[in-house]
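Asks: Could you have a look at this structure, given as structure tokens, before my questions?
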Amino acid sequence: MPLLRSWVDSANSASCPFPLNNLPCGVFSKDDRAPHCGVAIGYKVLDVTALEAFGLLRLGEIPLFDKPSYNALMASGPENWRKFREILVDLLLEGSKWALAVRPLLHDLADVRLHLPFQVVEYTDFYAGRHHAFNVGTMFRGPENALPPNWLHIPIGYNGRASSVVVSGTEVRRPWGQIKGPNDSEPKFAPSERFDIELELGAIVGLPSEYGRPVSVEQADAMIFGYVLLNDWSARDIQAWEYQPLGPFQAKATATTISPWIVMKAALEPFRVSTPEREVPLLSYLNEPRPLLYNIDLEVGLRPKDGGESVISRTNYREMYYSAPQQLAHHTTCGCSMRTGDLLGSGTISGPTKESRGSLLELSWGGREPIELQDGTIRTFIEDYDTLVLRGSSQGDGFTIGFGECIGTVTPALNDPYAS
Ligand code: CA
């Protein structure tokens, strides 16, 4: 598919992350107006709530955009998702008769504040990157036993917390927690010293599923509204002590940062790729009916307090062993329903090479091999005031589908977390 040219000039540059082919959904506020719905087009945001109020974007009798989230559109189903994009393309296409009416509803991206684009109702995090699972397993158990015996059969996950999902730009405070190092005789309660990132993609459930009814991989793909970048902040020292036998708990409870723009599934359609070849056959309910991953280039930048940014990782979403629809289908096997606004973390997206590892735990190999930044300083894990930036984009024929940035700065731990 070629670039769809828009009368919003900045949208037509090959490097702009938000061409008319993208139209990602976000929630923004400006001056003293309350947060409401918008889409990014070029380096502008188009006020979707106003479009609806003015009668330029109607998808039924009930308003869908008079609230600070995209949940109502998501719940209204794929036919409306398609119409939503069709109408916006009609309004924004080069030569559109609507340009004069729509132009006053554009705002410079630089002038608006971005909020969570949807109400996150539940959050599940998976562990579906083959290279990540192998790397972490090797560090803890040696290469022979790196992958747990179930790993090639099950997209492994745990139920996380929706309440700690925050939008890009939110500061992340270094957590306190219970920590017991390998040489300690007793656990202590202290600030985490091995605070880390996880480079992931988040899939957002638009259409709910019925309680008690598992969904197929095909149905699961149809339920997904779109994708965001996701940084699953992780306290490795807290995790190492607490994780057996039920998996991570407080180590993952500080924050999960997502990018402010939901890239709709339709925008990613030209970039579909298959999951890697199976090492052992899957049980049939997990088979992929067609390519369900996407070719999305990903990178992580680390910016120290007063320094320039170093790109510490470059990888691609196609490295995942399980796709989001497979994870979502597996999630429903025992009867749990999925809801509009459910968020599924992919698991850390590491590639096969050292430079493509998606966490500092892997990049510094458990802290034993520090990495050097551009300014000559070294890192094993995150230091106070480090800013971490996740970026993602797919290259089309003369255009880029970008996700925007997923940013967080780590601030120092509280002096005394229980001080009144
Ligand atoms: Ca994770």
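Here, each number is a calculation from the coordinates, and none is a lab measurement. Predicted model, so just to flag it, every value in this text is computed and none were measured. Using ideal geometry, Cβ is built from the backbone for each residue, glycine included, and neighbour counts are taken over all protein chains shown.
Asks: So which chymotrypsin sites (Phe, Trp or Tyr not before Pro) in region 134-199 end up in coil per DSSP with only 10 or fewer other C-beta atoms within 10 Å?
Replies: Listed in order of number, the matching sites amount to none.
Asks: Determine the percent antiparallel among the DSSP beta bridges restricted to the chain, to the nearest 5.
Replies: Within the chain, antiparallel bridges account for around 85 percent of the total.
Asks: Considering the chain as a Gaussian network with a 10 Å cut-off on Cα pairs, which listed residue, 58, 161, 130, attains the greatest mean-square fluctuation?
Replies: 58
Asks: Another one. For region 130-220, rounded, prolate or oblate, judged on the Cα gyration tensor with a ≥ b ≥ c (square roots of eigenvalues), a/c < 1.5 rounded, else prolate if a/b > b/c?
Replies: Oblate, because a/c is 1.5 or more while a/b does not exceed b/c.
Asks: In debye, nearest 20, what is the charge dipole magnitude of the chain about its Cα centre with +1 on Lys and Arg Cβ and -1 on Asp and Glu Cβ, if you could check?
Replies: Working: 37 positive and 50 negative charges, 112 e Å.
About 540 debye.
Asks: Using amide H atoms built 1.01 Å from N in the peptide plane, name the residues 5+ places from residue 347, or on other chains, whose amide H lies under 5 Å from its own.
Replies: Counting only residues 5 or more places away or on other chains, the set is 126, 128, 201.
Asks: Residue 250 to residue 31: extension gain in nm, 0.36 nm per residue of separation minus the Cα-Cα distance?
Replies: 75.2 nm
Asks: Which residue, 385, 322, 70, tops the fluctuation ranking in a GNM of the chain built on C-alpha contacts under 10 Å?
Replies: 385
Asks: Under the 0.36 nm per residue contour assumption, what length would be gained going from the current alpha-carbon distance of residue 99 and residue 82 to full extension?
Replies: 4.0 nm
Asks: Moving to a separate point now. Given springs between every Cα pair under 10 Å in a Gaussian network model of the chain, which of 312, 371, 224 has the largest fluctuation?
Replies: 371
Asks: Further question: Name the residue farthest towards the positive end of the dipole of the chain from the options 91, 273, 321, assuming +1 on Cβ of Lys and Arg, -1 on Cβ of Asp and Glu, about the Cα centre.
Replies: My answer, from the dipole projection, is 91.
Asks: Can you put 6, 393 in order of Cβ neighbours within 10 angstrom, beginning with the fewest?
Replies: Listed from fewest to most nearby Cβ atoms, that is 393, 6.
Asks: Mind pulling the angle between the C-alpha long axis of helix 78-92 and the longest principal axis of the chain? Nearest 10 degrees, somewhere in 0 to 90.
Replies: The helix 78-92 is inclined about 60 degrees to the chain.
Asks: Continuing with this model, one more query. Note the angle between two axes, namely the Cα long axis of helix 130-141 and the longest principal axis of the Cα atoms of the chain, as a number of degrees from 0 to 90, rounded to the nearest 10.
Replies: That helix lies at roughly 20 degrees to the long axis.
Asks: What trypsin sites (Lys or Arg not before Pro) does region 202-305 have in DSSP loop regions with at most 10 other beta carbons within 10 Å?
Replies: Sites meeting the loop and neighbour criteria: 305.
Asks: In sequence order, what are the phi-derived ³J(HN,Hα) couplings for region 276-292 according to the Karplus relation 6.51 cos²θ - 1.76 cosθ + 1.60 with θ = phi - 60°, rounded to whole Hz, with x for glycine and proline?
Replies: Residue by residue, region 276-292 yields x, 4, 6, 7, 9, x, 7, 4, 4, 5, 9, 5, 8, x, 6, x, 10 Hz.
Asks: Under a Cβ-only charge scheme (Lys and Arg +1, Asp and Glu -1), can you give me the dipole magnitude of region 295-420 about the Cα centre, in debye to the nearest 20?
Replies: Values: 10 positive and 17 negative charges, 81 e Å.
Charge dipole of region 295-420: 380 debye, to the nearest 20.
Asks: 222 nm [θ] for the chain, helices only, -39500 (n - 2.57) per DSSP H run of 4+, per residue, to 500?
Replies: Result for the chain: -4500 deg cm²/dmol, rounded to the nearest 500.
Asks: Still on this structure, please answer the following. Give me the net charge for the shell around residue 124: Cβ to Cβ below 15 angstrom, other residues only, Lys and Arg +1, Asp and Glu -1.
Replies: Around residue 124, the surrounding residues sum to -3.
Asks: Residue by residue through region 98-104, which ³J(HN,Hα) values in whole Hz follow from phi under the Karplus form 6.51 cos²θ - 1.76 cosθ + 1.60 (θ = phi - 60°), with glycine and proline marked x?
Replies: Coupling constants for region 98-104: 8, 3, 5, 6, 8, 3, x Hz.
Asks: A follow-up question, please. Compute the length gained on full extension between residue 283 and residue 375: take 0.36 nm times their separation in residues and subtract their Cα-Cα distance, giving the result in nm to one decimal.
Replies: 28.2 nm is the gain from fully extending residue 283 to residue 375.
Asks: Given labels modelled 7 Å from the Cα in the Cβ direction, how far is it in nm from residue 355 to residue 66?
Replies: Rounded to a tenth, the inter-label distance reads 5.3 nm.
Asks: If r is the Cβ-Cβ distance from residue 222 to residue 383 and R0 is 41 Å, what FRET efficiency results, to the nearest 0.05?
Replies: Once the sixth-power term is evaluated, E becomes 0.40.
Asks: Here's another thing I want to ask about it. Once phi is turned into θ = phi - 60°, what whole-Hz ³J(HN,Hα) does the Karplus curve with 6.51, -1.76 and 1.60 give for every residue of region 320-329, x standing for Gly and Pro?
Replies: In residue order, the calculated couplings are 5, 7, 10, 8, 4, x, 5, 5, 5, 4 Hz.
Asks: For labels at residue 397 and residue 188 in the simple 7 Å Cα→Cβ model, what's the distance in nm?
Replies: 6.1 nm
Asks: Using only alpha-carbon positions, what ratio does the radius of gyration of the chain give when scaled by 2.2 N^0.38 Å? Numbers along the way, then the final one.
Replies: Details: Rg = 21.5 Å, N = 420, 2.2 N^0.38 = 21.8 Å.
This ratio for the chain stands at 0.98.
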